[in-house]
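Please read the structure below before turning to the comments.
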Amino acid sequence: MTSNSTFTPLNDSFSESASSADSLTGISQQQESSDKNSLSQNGSSHDHRSRIDLLETKVAELQQALEGHKSERQLVVIQDFPDPDALSSAWAYQLIAEQYNIQCDIVYAGTLSHQENIALVKLTNLPAKRWGVQSLKERDFSVYQGCVLIDNQGTTTQLMSFVKQAGIPMAVLIDHHSTQEDLKAEFTDVRPQTRATATILTQYLQAGLLKLDSSISAHVKCATALMHGLRSDTDRLMRATEEDFLAAGYLSRFYDAQLLNAVLQTARSRRVMDVIERSLKNRIVQNNFSIAGVGYLRYDDRDAIPQAADFLVTEENVHTAVVYGIVHDEDEELEVVIGSLRTSKLTLDPDEFIKEAFGQDNQGRFFGGGRMMAGGFEIPIGFLGGFNDNGEYAKLKWEVFDIQIKQKLWRLVNPKDNLIHTS
Ligand SMILES: [Mn+2]
């Protein structure tokens, strides 16, 4: 086994994958450089052995936790902008729990933004439900005896405060982001060195927590979803490690390649294309950085921003792209600046770059951070927020944010250059 320690993601808390919206709600978690509880990837066979032992322990512990809650109802919470890794892993957990007669509702409070994620949910009948923020006050949380967090630690979901308020016990926490809050769950498996939560869930399946059966449609579809989740969190397996390949190998016995292809072939919407077009038109390239403000876009289209950044970074002589815009949600009178950074430069740490560029708010929280090659940021508009019918006003507001963001970015891109560049 080769060592992959040099490619350890620095902080994976903010951005899920190139094919998902960067999730940014919990801005200020401190990462822990090591996690004693992790099944870490390491070079020696001794570590390999202890990894297998730890997996066996975890599987036994989870089994016990499920046994202890037979016939209960659990709320499975995933991040506000769920990605394939979260969606598929939550589903796998639901299928496992079903065997113990535990009924799970998989919920998220934000929206499915990326066309591939919408396709994934539709084509596989993935049982995740959107609980919009406005509906949360009317929801009956008292029917749940346990809360399950998958692919998050409660910092990227608006549901968490309702779960806490309702006093639902934390039953299960399965994640691969660095340890965030000191969250205690009855069963915890947090592995910051593992590339995908789908890999963890697949290991559970392989260990026998649920026997996959090719003649059961839901199993085939869930295996397909897990394959998609695993691929998307490992940059199409390019950053996969041995355990991810092993998990993918196991899933290959059950998944539906045609169905996966259908999910991956999903076309971009016209509005996403328009945002990409704006990013191309507005981009300024300097010192191998490509920076583009795209103006206003709808809340449902926020995933167009990371997609535009993905595209801009493919230009020759560009190693880093930053795209940002003001996302507005007409229903909830919400406005926020959302941005995405993509880089192919190994020495550029998006987490550091974003923190350095934008600093902290007055409560000492950073506006974002990133994982290894990608990062997102989110800047509240505060008092200036809220949609305004007056076109001149909206234009002015955009210009103010555009100039301010560019100013902060150029300071890092070209420290000697004090000019304010605007498009
Ligand atoms: Mn993930």
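The values are calculated or read from the model by the stated rules, or taken from the named source; none is laboratory data. Bear in mind that the values here come from a model prediction, so they are computed numbers and not experimental data. No Cβ is skipped: glycine too gets one built from the backbone with ideal geometry, and neighbour counts run over all protein chains shown.
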Taking the condition β-branched (V, I, T), farther than 28 Å from E116 by Cα and modelled with pLDDT under 90, does I381 pass?
-> yes
Which one of the conditions (1) away from the ligand (no atom under 16 Å from the Cβ); (2) modelled with pLDDT of 95 or more does K184 fail to meet, given that it meets all the rest?
-> (2)
Top-ranked residue of the stretch 155-179 - restricted to ones that are within 12 Å of the chain's Cα centre (by Cα) and closer than 20 Å to A97 by Cβ, ranked as surrounded by the fewest Cβ atoms within 10 Å (Cβ to Cβ) | H176
Within the stretch 213-222, identify whether any single residue is out of contact with any helix residue (DSSP H, G or I) (no Cβ under 9 Å at 6 or more places or on another chain), at positive phi and surrounded by fewer than 16 Cβ atoms within 10 Å (Cβ to Cβ), and answer yes or no.
-> no
Given T155, T124, which one is touching an Asp or Glu at 6+ places or on another chain (Cβ under 7 Å) and assigned by TED's automatic domain parsing to the domain that holds R231?
-> T155
What is the residue count in the stretch 180-189 for residues that are within 18 Å of the chain's Cα centre (by Cα) and either surrounded by fewer than 16 Cβ atoms within 10 Å (Cβ to Cβ) or in a strand (DSSP E or B) (or both)?
-> 2
